[in-house]
Amino acid sequence: MRRQIQPTATRIAGGGRRSFAPGKSMLPRLVFTSSRVMISRWIVYAGWLFAFLCHAVSAAPVKYSFDSWTTDNGLPSNSIWALRQTRNGYLWMTTSSGLVRFDGVRLTVFDKSNSPGITGSRFSALHEDRAGNLWAGTEDGGLLRYHNGVFTNWTTKDGLPGNRVERIDEDEAGAIWVYTDQGIAVWRGEKMMKVEPTPGTTLKNLVWSKEDYYDRYYTGAWERDAGGWRVFKNGGWQQFPFSPQTIDSSPRLLRYVIEDSLGRLWYGMLERPHEYYCVEANRLSGFGVLPDQQQAFYQDRQGRLWTSDTADRITLWKDGQSETLPLQKLLEDRADDVPGQSRSQQSEAPPHSLTWNRTVFEDREGNIWLGTYDKGLLRLIEQVVSALQLPGGARERYVYPLMEDRAGNTWVSAGESGLMRYTDGRFTHFPLAESTGPTDLSALYEDRDGSLWVGTFKHGIARLRDGVLRVDRDLSARIKGRVDVIRRDRAGRLWFGGQTGLYQLGDDGQLKHYDVADGLASAHVKTLLEDAAGRLWLGGYGGVSLWQDGKFRNWTQGDGLSSDRVITLYEDRERTIWVGTYDGGLYRLREDAANWKLTRYTTREGLFTNEVNQILEDDHGYFWIGSARGIYRLRKQELNDFAEGRASFVTSTHFGKADGMLNIDCTGGFQPSGFKARDGRLWFPTQDGVAVVDPRSVKINPAPPPVVIEECQLDNQPAEYTSELKINPGQENLEVHYTGLSLIKSEQIRFRYKMDGLDRNWVEAGGRRTAYYSHLPPGEYTFTVTAANSDGVWNTEGKSMKVIVLLAFYRTWWFVSLVALGVVGLALLAYQYRVAQLRSAHHAQEAFARQLIASQEGERRRIAAELHDSLGQSLVIIRNWALLGSEHLDAEAPAREEFDEINATAAQAIKEVREIAYNLGPYHLERIGLADTIREMVSRVAQVIGVRFTVEMDQLDGALPREAEMNLYRVAQEAISNLVKHSAASEARVTLKREAEGVRLTICDNGRGFDSQAAATADKRGFGLTSMAERVRLLKGHLAVRSAPGQGTVIEVMLKNGEIR
């Protein structure tokens, strides 16, 4: 937890301010001062601001407090020497144990253990140049430059006079001037060079002498002449301005010299102990007479002059008035916070050991930061909440109902003390008559006659009249249980709501009771509201009820409420009903025609907490909500925009102890639970007094926060990135660490981010400063993060980073292309291989077929030869013997007839053998050619059957190879054989034509025909088609068979030129 220290406010008369022109001086001696060589009492001034203790008195408002960061919060050391805000919004500080970057929430430490380039961790000076580079000096490690996340180091080896850097300046040309304990150097043109302000004079052993100073806090080179001083700056000597009234003064002894974070020099003079001067851009401003021992050291943007004295007090002066901030409490605690030092050791330390080294700093948003010697980092907070603490102990200081009457008096339920009136800063107690013991109150209401109705926890209903508070025993007897709300409507009816339901008291004294049986949503009524239309609204532990025309209409959890514990109701100027719940958030009820639209707001939609104890509206369009975690503010227009679909989120601004609350726990559920006073201030009951907010004093921060992407991690390891991040294959878990740089209520900055190309909508991250992505598909994305400050002002541009998720090599286009080409190549190779296989098989098949056919033909010829030469000759011999036997017998001999029969049979057998032998081996083919061989075959067939053949033959004269002639002859032979066996034709035509394209054989008849489609799918062996097709295929020809039942048959073979084998 950060530590808050709160001061009291006082008012003291003060002096004015006047301006002077710079004075003149003469030649003197050179002096170099070091802030660490001598610790003076002015090292205390800023640290004094740290130790405020809240001394809250009855209505005395607390104006200032401090936030504190120490080693307990992550600082490497509680000693802070310099503060700077860089242009991107970070607050940087040098400490005795490292260089620190602060975004308002997170402290990031850079030292030699985690940052290459840093050789020493005791830091001193700090400067940001015009190019945005951050320069830091160390006590023993030389000079550092931080550029694009990289530290570069210069030491004596690189041209520095010494490794202890005390001061860093920049001139108009952008050169960096470095002041060390051994001299001065300038960095210009990427080169470090030593500088001698006065030739022949060294700075090493020159210090201020006792008669020259009392206190000083300025590191630099000085030169003294008889009438004044000169200071060495940016390569030249500048006259140190003095007041004209001191021109004749001698020796012009400076009482002290302090340089603030803006480079202004503040000093006093021994000759004029009550006047104080400020030198800015060589112009002198003088401040009038201040109380004794006051010393000015800073002036902020509001014009407040900061002074300190020897009594450990810091005073803020403006317009003749002052605010004094005591620091004694912190000084007493100093020994507990300095590691390794006892209180006795601390007593020997410099008397003002809480001071800073140029560490009073005002950032761009107006925050004032202080770096202390041993108390860490402080931020001054101008409180917007005034605390009104009640007299008595803890049991008398908690407040439940709280109201303002028509006369402007504030009525408070003061814990067990009961009723109190607060007027003109004083409390008046009204005890309950005829009662002793605790008098806790549960409800307050001012009636039309000015009397005050009071609900109590234990004594029923009481009434304050003529200054006396008495219990109304008759009414208390009729109303059972505690009453939490009392109200009279426009019709004059007095309503009581409490633990046992709703009661209506008429002017005639009649009391009506309503509960759940009558349609009421809740048996325990916590709040009542009469709207502008005269309708009565009730809230309680059951939901919301509307009483209209004698009937209740209810809204409960079944109607859209996430919680039915309703404890406050409010109607705004637009007649919208707002409902606050104990744990279910805020609700908006708006009537549209005859319907009511209910809108819910919870922490999911942007509420600071789901507890809404009271709803107070200021004059500037904001709702102020009390809760157990403090007060938070909502802009009503943003709530309406959300309800109408014009916004996706609402902004809550939280106020707590740092803003002035004594106790952040706002009470609620007992009416009225707070009010808006006639002067516009808002009053909230708490567990320790009353918190009062003046909305007019609350400043709205109009500056959108700069957004910075700090770090990216892949699989929990830091990833390098600039404007883009590359994610390699196999890297899965991406974390993007970002921040928003507003130093006002930094913890309330809200973020949203989106990964374009992946996220459809913005991711509402709330206060989370890390985006998580478990897996990003390969591709290019743009990550954008935006932020809103604590007042809901968005940085619409945000910060973007290109994210490139690289494909695995096996998913890149070139690899896929190579693989595709490889696959295609392999497929082609496989195809070629398969084709080659098929071609080889085809060739083998053809060769086998040819060989088979050749073998068949050879076998046929052999059989034909055997038949002709063996069986034929045997038959010839048998016939000859038969003829011989027949010739030797008489014509009438019985045996002669038998020999003749043998002769005839043998002759027929010889003829058939010759026919078979011819069919097996057409020997005419080689002798007379294909055409005549076919003609001769047809002629012989025609002699046997009764078919009239027409034969047309062209002489081929060697157009076909001998093997092709044989195969074509066999096709013709098979076709004519089928014609004879199956066609039953009367006419047939056989043609052999030599055409331009090749040779065509056609055999057709007018027979019975057949179904060629069925024959194509059936067993073709009966028609000899397989044999014909195989022979034509071997010839690379085309076989066509056309036939239909009753339409004859056409068999056509086409052998094209160049394809015949």
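We did not get these values from a lab; they are worked out from the coordinates using the rules stated. The shown structure was predicted, so the numbers you read here are calculated from the model rather than taken from an experiment. So basically every Cβ, Gly included, is an ideal-geometry build from the backbone, and we count neighbours across all protein chains shown.
Other residues whose C-beta falls under 11 angstrom from the C-beta of Asn716 contribute a net charge of -3, scoring Lys and Arg +1 and Asp and Glu -1.
Karplus-derived 3J(HN,Hα) values for the stretch 262-273, using 6.51 cos²θ - 1.76 cosθ + 1.60 with θ = phi - 60°, are 8, x, 7, 9, 10, 8, x, 10, 5, 5, 10, x Hz; glycine and proline are entered as x. Across the stretch 150-161, computed HN-Hα scalar couplings (Karplus, 6.51 cos²θ - 1.76 cosθ + 1.60, θ = phi - 60°) run 10, 8, 10, 10, 10, 10, 4, 5, 9, x, 6, x Hz from first to last residue, x flagging Gly and Pro.
In this structure, the residue pairs whose Cα-Cα separation is over 25 Å, taken from Lys911/Lys981; Lys63/Lys526; Lys981/Lys1056; Lys597/Lys676, are Lys63/Lys526; Lys981/Lys1056; Lys597/Lys676. Of the residues Leu725, Val708, Gln637, the one whose Cα sits farthest toward the positive end of the charge dipole of the stretch 626-741, with +1 on the Cβ of Lys and Arg and -1 on the Cβ of Asp and Glu, is Gln637. Placing a pseudo-label 7 Å from each Cα along the Cα-to-Cβ vector at Arg1008 and Ala830 gives an inter-label distance of 5.2 nm.
Give me the extension gain from Lys1056 to Asp171: residue separation times 0.36 nm, minus the current Cα-Cα distance, reported in nm with one decimal.
Value of the extension gain: 308.5 nm.
Annotation: amide H of Gly766 within the under-5 Å range of Phe751, sequence separation 5 or more or interchain, hydrogens built in the peptide plane. Each residue of the stretch 464-471 was assigned a 3J(HN,Hα) from its phi angle through the Karplus expression (A = 6.51, B = -1.76, C = 1.60, θ = phi - 60°), giving 9, 9, 6, x, 10, 9, 10, 6 Hz with x at Gly and Pro.
For Asp694 and Asp515, FRET efficiency with R0 = 30 Å and r from the beta-carbon atoms, rounded to 0.05?
0.10
For the stretch 386-697, relative contact order (Cα pairs under 8 Å, six or more residues apart, normalised by length) works out to 15 percent. For the pair Glu997 and Glu912, a Förster radius of 41 Å applied to the C-beta separation gives a FRET efficiency near 0.50, rounded to the nearest 0.05. Specify whether the C-alpha gyration tensor of the stretch 386-697 places it in the rounded, prolate or oblate class, a ≥ b ≥ c being the square roots of the eigenvalues: rounded for a/c under 1.5, otherwise prolate if a/b is larger than b/c and oblate if not. The shape class here is oblate. Here the gap between Arg646 and Ser977, fully extended at 0.36 nm per residue and compared with their Cα-Cα distance, gives a gain of 109.5 nm. Using the Cβ of Gly779 as centre and a radius below 14 Å, the other residues enclosed give a net charge of -1, where K and R count +1 and D and E count -1. For GluC sites (Glu not before Pro), the sites in the stretch 603-683 that DSSP calls loop and that have at most 11 other Cβ atoms within 10 Å are Glu644. Taking every C-alpha pair closer than 8 Å and separated by at least 6 residues, the mean separation divided by the residue count of the stretch 930-1061 gives a relative contact order of 25 percent.
Give me the aspartates and glutamates in straight-line cross-link reach of Lys191: C-alpha distance below 19 Å, same-chain residues under 8 apart excluded. By straight Cα distance, Lys191 reaches Glu128, Asp129, Asp158, Asp169, Glu170, Asp171, Glu172.
Rg of the Cα atoms in the stretch 707-807, relative to 2.2 N^0.38 Å, amounts to 1.06. Pairs spanning more than 21 Å between alpha-carbon atoms, out of Lys657/Lys699; Lys754/Lys802; Lys318/Lys657; Lys726/Lys799; Lys112/Lys799: Lys318/Lys657; Lys112/Lys799. Taken along the Cα-to-beta-carbon direction at a fixed 7 Å, the label points for Arg478 and Glu892 span 17.8 nm. Ranked for footprinting exposure by Cβ neighbours inside 10 Å, fewest first, Phe102, Phe496 give Phe102, Phe496. For the pair the stretch 397-415 and the stretch 441-520, the centres of their Cα atoms are 18 angstrom apart. Among Asp665, Asp169, the ranking by other beta carbons within 10 Å of each residue's beta carbon, starting with the fewest, stands as Asp665, Asp169. Label sites at Ser939 and Ala677, each approximated as a point 7 angstrom past Cα along Cα to Cβ, lie 14.6 nm apart. Hey, how many Å between the Cα centroid of the stretch 799-825 and the Cα centroid of the stretch 273-311? Each part's Cα centre sits 70 Å from the other's. What does the C-alpha gyration tensor say about the overall shape of the stretch 930-1061? Classify as rounded when a/c is under 1.5, otherwise prolate if a/b is larger than b/c, or oblate. Oblate, because a/c is 1.5 or more while a/b does not exceed b/c. Per-peptide packing, taken as the mean over residues of other Cβ atoms within 10 Å, places 749-756, 1036-1043 in the sequence 749-756, 1036-1043 from highest down. Each of Ser817, Ser697, Ser65 has some number of other Cβ atoms within 10 Å of its Cβ, and from fewest to most they run Ser817, Ser697, Ser65. At a Förster radius of 22 Å, what calculated FRET efficiency corresponds to the Cβ-Cβ distance of Asp619 and Glu591, to the nearest 0.05? The calculated FRET efficiency here is 0.35. Note on Lys636: aspartates and glutamates with a C-alpha under 15 Å away, same-chain residues under 8 apart excluded, are Glu571, Asp572, Glu574, Glu605, Glu617, Asp618, Asp619, Glu644, Asp791. Here the scattering of the stretch 56-141 is modelled by Debye summation over its C-alpha atoms, one equal scatterer each and no solvent; at q = 0.15, 0.19, 0.21, 0.26 Å⁻¹ the log10 of I(q)/I(0) is -0.58, -0.84, -0.99, -1.38.
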